[in-house]
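Structure record follows, encoded as structure tokens.
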Amino acid sequence: MAKRLGRLRRLPEIEYFFPKTLKEVLSLLKKYNRQARVFAGGTDLLPKMKRREVVPKYLIDLSGIPNLKFIKYEKDKGLRIGAATTLSEILESSLVKRRYPILTEAISQMASTQIRNIGTIAGNLCNAVPSADSAPPLIVLKGQLKIVGRGKGRTVLVEDFFKGPDRTVLDSNELVSEIQMPPSIAGARGTYLKHTLRREMDLAIVGVAVCLVPDSKKEICKEIKIALGAVAPIPMRAKKAEEVLRGKQLNDDLIESAAKMASEESKPIDDIRGSAEYRMEIVRSLTKRAIKQSLEKV
Ligand SMILES: Cc1cc2nc3c(=O)[nH]c(=O)nc-3n(C[C@H](O)[C@H](O)[C@H](O)COP(=O)(O)OP(=O)(O)OC[C@H]3O[C@@H](n4cnc5c(N)ncnc54)[C@H](O)[C@@H]3O)c2cc1C
């Protein structure tokens, strides 16, 4: 069963830093290490602090660092989004909408305008809950995270970033500086579908992202990636379901088999928002719909 959320209390005393450069952030992280937390929009972090789930002594705000606020596209390198870019800035980007519409689709289903105006995509990933809405679309887009703070830094696929609920590959003196996506593939179409109990402002009970590359006649599935959210300890690829379709002639029976396979691959638990059995049924139905809707997109 889901753990009971603790009572919200006044924030304990903390020291708050508002650095202007990434270098300053890294030296603060090195100095205070496990006692410090990076703070982006605070939409996940502050409620956790009020519930005493995390009790940092120092907060290091990223929102004043101009070098972490950007959306850039290069034809041969693809898309880069700075870690302090807000969800609203990504949602409003015509570049993202044109080249990576599945990301726009997912963000438009997240939270409210007010939360999106301060919350970041990096914060959504680093918070590492299985229901993070940005994770499935970034996984099917082969997104990577640039991580700095140790040596020369490193890049990690979004797919390999999560270690479990609330856990990622990040060390305490590291942070994500940007999100990267390879150049958009000609002919690729994607869909993100999210099932919630309430229509607005609710976390996913199930999230499904599909990115599909059909042939010119839309008969053969040349390539496909399927990712699932909220149905395992971490956002996951449905690799066996992808195999059902990859390189095959597309038809309703095959799509149904792939959707069934995705449901069998998922590992949901019973919690207050839905039973495992219910979630598996939703995975089947959303995967089928997401594949069909992707095919219908021009
Ligand atoms: C009312 C409400 C509705 C919401 N609805 C949704 C929803 O529909 N879908 C959804 O997925 N989420 C939802 N959320 C959760 C939250 O808004 C998002 O996860 C948001 O994207 C978090 O971003 P942030 O910048 O506020 O992160 P913060 O709260 O600042 O940080 C979250 C965690 O990530 C760490 N962190 C942040 N940035 C970095 C970085 N660059 N490098 C390393 N660590 C970092 C922080 O230290 C912290 O541990 C909702 C929250 C609220 C309050």
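The values are calculated or read from the model by the stated rules, or taken from the named source; none is laboratory data. What you are looking at is a predicted structure, and each value in this text was computed from that prediction instead of being measured. Every residue, glycine as well, gets a Cβ built from its backbone with ideal geometry; the counts of neighbours run over all protein chains shown. Calculation scope for accessible area: heavy atoms of the full protein, side chains included, ligands and nucleic acids excluded. Shrake-Rupley method; radii C 1.70, N 1.55, O 1.52, S 1.80 Å.
Once C-alpha pairs closer than 8 Å and six or more residues apart are averaged by separation and normalised to the residue number of the chain, the relative contact order reads 15 percent. Mean projected area of the convex hull spanned by the Cα atoms of the range 106-152, taken over all viewing directions: 4.2 nm².
Placing unit charges on the Cβ atoms of the charged side chains and taking the dipole of the chain about its Cα centre, the candidate lying farthest along the positive direction among GLN114, SER131, CYS221 is GLN114. Between the DSSP loop rule and a limit of at most 16 other Cβ atoms within 10 Å, which GluC sites (Glu not before Pro) in the range 17-118 are left? When the GluC sites (Glu not before Pro) of the range 17-118 are filtered for loop state and at most 16 Cβ neighbours within 10 Å, GLU53, GLU92 remain. For the range 24-104, the relative contact order works out to 21 percent when only alpha carbon pairs closer than 8 Å and six or more residues apart are counted.
Overall dimensions of the range 81-231, expressed as equivalent-ellipsoid semi-axes from the Cα gyration tensor (√(5λ), whole Å, largest first), are 24, 19, 15. Roughly speaking, to the nearest percent, how much of the range 123-233's 1.4 Å accessible area is carbon and sulfur? Carbon with sulfur: 51 percent of the solvent-accessible area.
Under the criterion of Cα pairs below 8 Å and six or more residues apart, the relative contact order for the range 90-175 equals 22 percent.
With viscosity set to 1.567 mPa s at 4 °C, what whole-number translational diffusion coefficient in µm²/s follows for the chain from Stokes-Einstein and a Kirkwood radius over Cα pairs? The diffusion coefficient I find is 65 µm²/s.
Here the sum of -39500 (n - 2.57) over DSSP H runs of 4 or more residues, divided by the residues of the chain, equals -9000 deg cm²/dmol at 222 nm, to the nearest 500.
Using every pair of separate Cα atoms, the Kirkwood estimate puts the hydrodynamic radius of the range 11-92 at 14.0 angstrom.
Take every Cα-Cα pair in the range 209-278 and report what % of them are more than 16 Å apart. Cα-Cα pairs in the range 209-278 separated by more than 16 Å: 50 percent. Please state the shape class of the range 123-194: rounded when a/c is under 1.5, otherwise prolate if a/b exceeds b/c and oblate if not, all from the C-alpha gyration tensor. Oblate. Each eigenvalue of the Cα gyration tensor of the range 23-70, multiplied by 5 and square-rooted, gives one semi-axis; in descending order these are 20, 15, 5 Å.
Over the C-alpha atoms of the range 1-137, the Rg to Rh ratio, Rh being the Kirkwood estimate, stands at 0.99. Computed across the range 164-282, the Kirkwood hydrodynamic radius from all distinct Cα-Cα pairs reaches 16.1 Å. Under a no-solvent Debye model with one identical scatterer per Cα of the range 62-122, what's log10 I(q)/I(0) at q = 0.16, 0.20, 0.27 Å⁻¹? Listed by q, the Debye log ratios stand at -0.48, -0.73, -1.19.
Quick one: Debye curve from the C-alpha atoms of the range 191-250, no solvent, what's log10 I(q)/I(0) at q = 0.14, 0.18, 0.20, 0.27 Å⁻¹? Those come out to -0.47, -0.68, -0.76, -1.04, one per q.
Dimensions of the range 244-284 along the principal axes, based on C-alpha atoms and rounded to the nearest Å, stand at 40, 15, 10, largest first. A crude spin-label estimate for the pair GLN35 and LEU295, with each label 7 Å from Cα along the Cβ direction, gives 6.0 nm. Charges were assigned to the Cβ only: +1 to each Lys and Arg, -1 to each Asp and Glu. The resulting dipole of the chain about its Cα centre is roughly 680 debye. Normalising the Debye intensity of the range 160-217 to I(0), with uniform scatterers on Cα atoms only, and taking log10 at q = 0.28 Å⁻¹ returns -1.09.
The residues of the range 33-94 have, on average, 48 Å² of accessible surface per residue, using a 1.4 Å probe with all protein chains present.
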